[in-house]
Every structure is written in structure tokens, then in C-alpha cells.
1. Can you confirm whether G318 is touching a helix residue (DSSP H, G or I) at 6+ places or on another chain (Cβ under 9 Å), crowded, with 21+ Cβ neighbours inside 10 Å and more than 30 Å from L410 (Cα to Cα)?
2. Can you work out which of the residues in the range 416-437 that are in a strand (DSSP E or B), over 17 Å from D357 (Cβ atoms) and among the β-branched types (V, I, T) is most open to solvent (accessible area, probe 1.4 Å)?
3. Within the range 390-415, which residues are open to solvent by 20 Å² or more (accessible area, probe 1.4 Å) and among the aliphatic types (A, V, I, L, M)?
4. Which residue is modelled with the lowest pLDDT, if the candidates are limited to the range 42-64 and must be out of contact with any helix residue (DSSP H, G or I) (no Cβ under 6 Å at 6 or more places or on another chain) and among the aliphatic types (A, V, I, L, M)?
5. In the range 259-297, how many are out of contact with any strand residue (DSSP E or B) (no Cβ under 9 Å at 6 or more places or on another chain) and modelled with pLDDT of 90 or more?
6. Can you confirm whether K141 is open to solvent by 60 Å² or more (accessible area, probe 1.4 Å), farther than 19 Å from S207 by Cβ and either at pLDDT 95 or above or more than 22 Å from the chain's Cα centre (by Cα) (or both)?
7. For the range 293-301, check the following and say yes or no: at least one residue is in contact with a Gly (Cβ under 8 Å, 6 or more places away or on another chain) and not in a strand (DSSP E or B).
8. What is the number of the single condition among (1) out of contact with any helix residue (DSSP H, G or I) (no Cβ under 8 Å at 6 or more places or on another chain); (2) open to solvent by 30 Å² or more (accessible area, probe 1.4 Å); (3) not in a helix (DSSP H, G or I) that D357 does not meet?
Amino acid sequence: LSKAMSQDGASQFQEVIRQELELSVKKELEKILTTAPSHEFEIQPYEKIKARGLPDNVSSVLNKLVVVKLNGGLGTSMGCKGPKSLIGVRNENTFLDLTVQQIEHLNKTYDTDVPLVLMNSFNTDEDTKKILQKYNHCRVKIYTFNQSRYPRINKESLLPVAKNVSYSGENTEAWYPPGHGDIYASFYNSGLLGTFIGEGKEYIFVSNIDNLGATVDLYILNHLMNPPNGKPCEFVMEVTNKTRADVKGGTLTQYEGKLRLVEIAQVPKAHVDEFKSVSKFKIFNTNNLWISLAAVKRLQEQNAIDMEIIVNPKTLDGGLNVIQLETAVGAAIKSFENSLGINVPRSRFLPVKTTSDLLLVMSNLYSLNAGSLTMSEKREFPTVPLVKLGSSFTKVQDYLRRFESIPDMLELDHLTVSGDVTFGKNVSLKGTVIIIANHGDRIDIPPGAVLENKIVSGNLRILDH
């Protein structure tokens, strides 16, 4: 008995020693961690940034900011001519209208002078400048600069397609804007970078003009202007959690002690499925970026902005195969010091690339206030429904013709529409709704119809889903 008791006491003693050792090791490891350079590469949750609150004087940080919108794209993917930013998206407001309203609201609320800068391409510059006159009486100073124009390369001969510098007539397809990575050189060369630094501006907030969630976030701006560790952060990339709808979005990786952006175009074909995996790569780049003006100037003058070149093959209308060499603005993250990824709420990524996206932002899922769209409080789920409209809806004018009014979508999870389908007024869509008109058939959803978990097929039979 005494032998058993002494063995029991020995094992208890050993357990105490083990726990003490474990505690000592933990303490020593934590000490070592404190000697590491301050978080040079990391992704922080937005909640942590927000928890720091706002400064007493919000206008002091806002006056250091310049908002830059990437405005080089045409509306061709939605069947529109001219700049995409001039497509009406909500209550006849265009992307550009909403952007101006947001910044004017900031300037009026905080008595500040946040300017708006549009990076145009040779495709969008003329039309955009014509429309800017309508904002003369708004409390927003608007500037524009043009990104570069590069010659397309013949895939066979590897020689430029262009015969001269003109980009009209037979040369229309010979030139292209080389992606938004061109912003650094073009912004610097335009003289605007130097002007804003001279005016005491410190950061630019860059985003795609068709991302309606990319509004100025005061918490992120405060984090930049008042860094918690005193070390200024030169580059912030907003990332958000990936869903099955975002499998193509670029992702952040850590390599050789730096954050890097990897785009799907850079991934070898054998690894594309792996790249798209929602479980392996959980976040993606929203292309909402906060960048130090002084850092852009320094790196540009040192010729030290390093971006991977993306080879983009295209086929011109005449059948000629060409190559475009492009860069992405976020790829420069590795050239900046103390870069940071911030995992932001999904609401900050609301791009309108297709009429399916347009249906979402036009619907009662969102309310509009001072140019900003916010998810309706009546929506029970924070996620957006998955909407897939068929080819009959691709062009904006066709899409608008097929909806007498935008359906109630507050309780919708999934909508698929294919074929010749039209919607009457005051239709309600709930749960999963699939409407398929076979070739030669036409389906008219009657006014006031409520479709909840229904499959509507070619001859308007309505089935429970």
C-alpha cells in the first residue's frame, strides 16, 4: 500500500514539474516573439481596427485623404457603349453619381476637402470629361488623369499591331490600357501626385468604380494616420472571406517575409482548381487599397515598384490573335514597407460586373443613403442571394425590358433564369427559384406572383422545389 502511495505521489510531482516547465517555455517563447519586427506581414480582422474607435477630430484625418477611382473600363460586358461608370445603377444614379454623392456627404458632414480623382483610359476619358460639368456645383473637387496606352502585340510575329500612334480608324483595336497596375507611373507622371503631397495629403484610397461597397472607411483611415505601434503602414489591402461566387479573386500569400498578391491569371492550369478552393484560400482581394503618397513618390523615383506581368491573350474582331501585357495595382504590395491586409466585412465588396449583379443592387435588398448602399435590416441573412440571369438578360436594355419592376428579393437565396422570361410588377421571389423557358417557349411571370422554392419550366408549370 505504501509503495502504491509513493508511486502516486511521484506521478503527481512529475505532473506539477511538467506544467511548470510548459509555463516557462510559453513565457520564454512570448519573450522571443516580442523581439520580432513589428507585424510586417499580417492580416488583421476589421473588428480589431474598428475597436480603436475614431479620433476626436475626424476632419483632421479626412483632410489627409484623396479618393481615387479606377475608371478605365467600358460597359461593353453589359451591352453598353461608353464608360461603365455612366451606367445607371440605382434610381437613375450612375456609378459616378453615387461616388460623388458619397464624397460630398463626407465633405459636408465633417467640413473637409476630400478630392475625387478618376484614372481614365483613352477609351473613357473624353466621355467622362463631358459629364463632369454636371458636378460643378457639388462640394467635391474632381481631377482626372489618363493611364498609359500600350500597343497590342501580334501573337505570331511578336511585333506591335499598331502602325502609328493614332487610335482611331483602322488603329482602333491596336491599343489597350495596360491594367490598373499602371496607376503608379501615370499618377506620378500626371503631376497630381506631387500636387497632393504639396497640399499635405498623405494617403490615397483606390478602388474600382463599379464596386459600390468601396466607400471611405474612417476606422481604416484612422488606423493609418495613427498607427498603434507608431510605425506607418505604407499599403493596406482590404480582403474579405471567399464564397463560391468569388473563386477567381486574387489572394494574399506570404513569401520571403512579404505579403504578395497572386492572381488567377498567374496560376498554372494544373493548379487552377486548387487556387479556386474556398477551403485552401479563404480570402480574396477586394481591390480596395490604401496607399501612402510619399511611398509611391519614393518608389517611383527609385524605379522600385515591382509587379508581376500578366499575359492576357485576346482575339480581335478580325480574328487576329494578340497579346496584352498587364499589371495589377495590388501586386505592388510587396514593394511597400509594413504592408497590411485587413479582413473586412463582405459589405465592402459589392461589384457590379453583370446584369445579375445589377438586379441585386437595384432591389429592396439594399437601401440608398447619401450615395452609399447598405443591406436592408429586413434581410435575415447577411449574405447576398446567388443570382444567375441567362443570356437574354446580358445587355442592360434587354434586362430592363424584362422587368416591369424589380422583384421583392428580401427572402431570396438563389435565383436562376434562363431563356425568354419576363417579370410583371410586384413579383416576390423567396428561397430557391429556378425559371427555365426552353427554346421557342416564353414565360411571363404574372404581376403580383409570389414564387417560393419553385421551379418554373417551359410551359409555365410551377412545381415545388
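The values are calculated or read from the model by the stated rules, or taken from the named source; none is laboratory data. Everything numeric here is computed off the predicted structure, so don't read it as measured data. Cβ: placed from backbone, ideal geometry, glycine included. Neighbour counts: every protein chain shown. Areas reflect the complete protein model, heavy atoms only, side chains present, ligands, DNA and RNA absent. Shrake-Rupley method; radii C 1.70, N 1.55, O 1.52, S 1.80 Å.
1. Details: touching a helix residue (DSSP H, G or I) at 6+ places or on another chain (Cβ under 9 Å): yes; crowded, with 21+ Cβ neighbours inside 10 Å: no; more than 30 Å from L410 (Cα to Cα): yes.
Here the answer is no, as G318 does not meet what is asked.
2. Across the range 416-437, the extreme among qualifying residues is I436.
3. Residues satisfying the conditions are L400, I406, L410.
4. I43
5. Selection size over the range 259-297: 2.
6. Details: open to solvent by 60 Å² or more (accessible area, probe 1.4 Å): yes; farther than 19 Å from S207 by Cβ: no; either at pLDDT 95 or above or more than 22 Å from the chain's Cα centre (by Cα) (or both): yes.
Judged against the criteria, K141 is not a match.
7. Looking for residues that are in contact with a Gly (Cβ under 8 Å, 6 or more places away or on another chain) and not in a strand (DSSP E or B), one finds at least one in the range 293-301, hence yes.
8. (3)
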